[in-house]
Amino acid sequence: MVTGYVMKVSSNGQVSIPAEARARWGADRMIVVDLGDRIVMRPMPDDPIGDLRGKYAGRGPSTDEARRQARLEDAENELRRDRP
């Protein structure tokens with residue numbers, strides 16, 4: 001369900017979130033994301049760092065693999081610089 005609200009921005013940049021939305025999300029802090037052509041407001045988790053734990057597991061190389069690859073690339077670049 002999508003619900004839209006029209007809110008007035010105060011002279012000092014504040015916006016009041018309607019009571020229905022506040023009650024639904026139960027958030028006392030919001031994240032405002034500027035996407036260039038629009039702004040998105042999202043509730044901020046109580047533990048933002050803990051909320052990210054495991055979110056990106058299995059995506060991309062592990063830190064050990066990324067370091068190994070970076071060292072390999074550095075070594076190859078050094079070899080190229082040393083060649084006449």
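Derivation of every value follows stated rules applied to the coordinates shown; laboratory data play no part. These numbers were taken from a predicted model, which means no experiment stands behind them. As a convention, Cβ positions derive from the backbone with ideal geometry for all residues, glycine included, and neighbour counts pool all protein chains shown.
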Cα-based helix-to-principal-axis angle, 63-82 vs the chain, degrees rounded to 10: 50
Residues in segment 4-32 reached by a label modelled at residue 39 [backbone nitrogen below 13 Å; 7 Å Cα→Cβ]: 7-17, 30-32
Average Cα contact separation per residue, segment 1-64, under 8 Å, 6 or more apart, as relative contact order %: 17
Sum of -39500 (n - 2.57) over DSSP H runs of 4+, divided by residues of the chain (222 nm, nearest 500): -11500 deg cm²/dmol
Unit charges at the beta carbon, dipole of the chain: most positive-side option, 75, 2, 48: 2
Histogram of C-alpha separations across the chain, 10 Å bin width, %: 12, 26, 20, 15, 14, 10, 3, 0
Extension gain from residue 29 to residue 47, taking 0.36 nm per residue of separation minus the Cα-Cα distance: 5.3 nm
Charge dipole magnitude, Cβ of K and R +1, D and E -1 - the chain, Cα centre, debye nearest 20: 180
